Amino acid sequence: MKVGIIGLPNVGKSTIFNALTASDIPANNYPFCTIEPNVGIVPVPDSRLDQINQFIETNKILSTVIEFVDIAGLVKGASKGEGLGNKFLSHIRNVDAIVHVVRAFENSDITHVEGDLNPLRDIEIIETELLLKDIEKLNNRLEKIKKISKSGDKLAIQETKLLDQAIVELNNGNMLNHFDCSDAERKIIKSWFLLTDKPIIYLCNVDEKTIQSEADLNAYQKVQEYAEANKNHCLMICGHLEMEISKIIDNNDKKDFLDMYNLSASGLDKLISLAYKQLGLITFFTAGEQEIRAWTIPNKFYAPQAAGTIHTDFEKGFIKAEVYHISDLIEFHSESILREKGKIRQEGKDYIIKDGDIIFFKFNV
């Protein structure tokens, strides 16, 4: 699963990406310092791994991961190719969710491409470009499908109606990620690979003073209200501070640093966890002497599908799954007691995996 980081130039995208991935790509003060998207694989913070390790000894612990893509800054006119816009918009089309970085800090040393600080205007610039590109795409699609629908094709007639509704919605300035439709219609919309049909998290990039004392929250509050009105999420973060946090290796030192700024966790840890939830993902675990490992699957996956994320042979030869929940392990402290209590269940092909399940798959190759 991929999460794309977007925004205007010079809003702090690359700084945040660098902190996320502890990498060192350019974060220069000029537009398009990122041209090809930079990709980073980031572990998903999950305290449950350490909880499992309290009761099951192991050689190593492996987190599940999420992929972040730093996409170059968009500018007004991107949908018409301005600022290499077509190329950048195609990069957005390839991700599953969007983190929209919005500048909410003043800094005379870092040029604002629009001349002054106005987060809601900046959001409108980006989202207008996404809307315009999707309108263009759907109008082209409509022309083709209308010709097919004239033959009486029922699926084409259904899609024509949905295309008309979606185009009206986009022309009204509404993104399609919360468009009210049936599950069957949502499946059709997904097949269009739109820019406006992706979950969005607004990431308000503020300065250190705002983070530490929550002074001057006006810009952040405006973005938060906008996000809530559009059924999206908003987080406040200081990109510069997150870069400092990412350089601290020792966990105790990191905690001391966070305490200085009255933070319970880094903003990026919160972002990673929220992005994971926005993508509709859950985690199951495998646990043994060799490793304790977190695995990512979409919600409502069946046991054989989950087995297939480990290895395709597991899905093909699936027999059954031995399952218990992490909450039971925390309560009873050992797998042997769980067996005595009848808490370890034998589940078949119709079992839907739950977040926090610990599973041992049985299969036949």
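The values are calculated or read from the model by the stated rules, or taken from the named source; none is laboratory data. A quick note: this is a predicted structure, and the numbers were derived from the prediction, not measured. Because the Cβ atoms are built from the backbone with ideal geometry, glycine has one as well, and the counts that use them run over all protein chains shown.
Do we have residue 306 as in a helix (DSSP H, G or I) and buried (at least 16 other Cβ atoms within 10 Å of the Cβ) here? For residue 306, the condition - in a helix (DSSP H, G or I) and buried (at least 16 other Cβ atoms within 10 Å of the Cβ) - is met. Taking helices (runs of 4 or more DSSP H) as the structural unit, those lying wholly within the stretch 198-263 and holding at least 1 residues that are over 22 Å from residue 43 (Cα atoms) and of a type in the set (D, E, K, R) correspond to 208-213, 218-229, 251-260.
For the stretch 271-303, the set of residues classified as of a type outside the set (A, V, I, L, M, F, W, C), part of a strand (DSSP E or B) and in contact (Cβ under 8 Å) with a residue 60 or more places away in the chain consists of 283, 286, 293, 296, listed by residue number. Tallying residues that are crowded, with 18+ Cβ neighbours inside 10 Å and basic (Lys, Arg) within the stretch 321-365 yields 0. Filtering the stretch 111-125 to residues that are at pLDDT below 90 and either among the acidic types (Asp, Glu) or closer than 17 Å to residue 219 by Cα (or both) leaves 112, 114, 115, 116, 117, 118. Restricting the stretch 204-237 to residues that are under 19 Å from the mean Cα position of the chain (by Cα) and among the hydrophobic types (A, V, I, L, M, F, W, C), the residue that is nearest to residue 174 (Cα to Cα) is 227. Restricting the stretch 275-303 to residues that are small (Gly, Ala, Ser) and buried (at least 18 other Cβ atoms within 10 Å of the Cβ), the residue that is nearest to residue 200 (Cα to Cα) is 275.
Of all residues in the stretch 156-184, those being touching an Asp or Glu at 6+ places or on another chain (Cβ under 6 Å) and in a helix (DSSP H, G or I) number 2. For the stretch 259-318, the set of residues classified as under 17 Å from residue 363 (Cα atoms) and of a type in the set (Lys, Arg) consists of 316 only.
Only a single item in (1) surrounded by fewer than 20 Cβ atoms within 10 Å (Cβ to Cβ); (2) in contact (Cβ under 8 Å) with a residue 24 or more places away in the chain; (3) of a type outside the set (Phe, Trp, Tyr) is not met by residue 241, and it is number (1).
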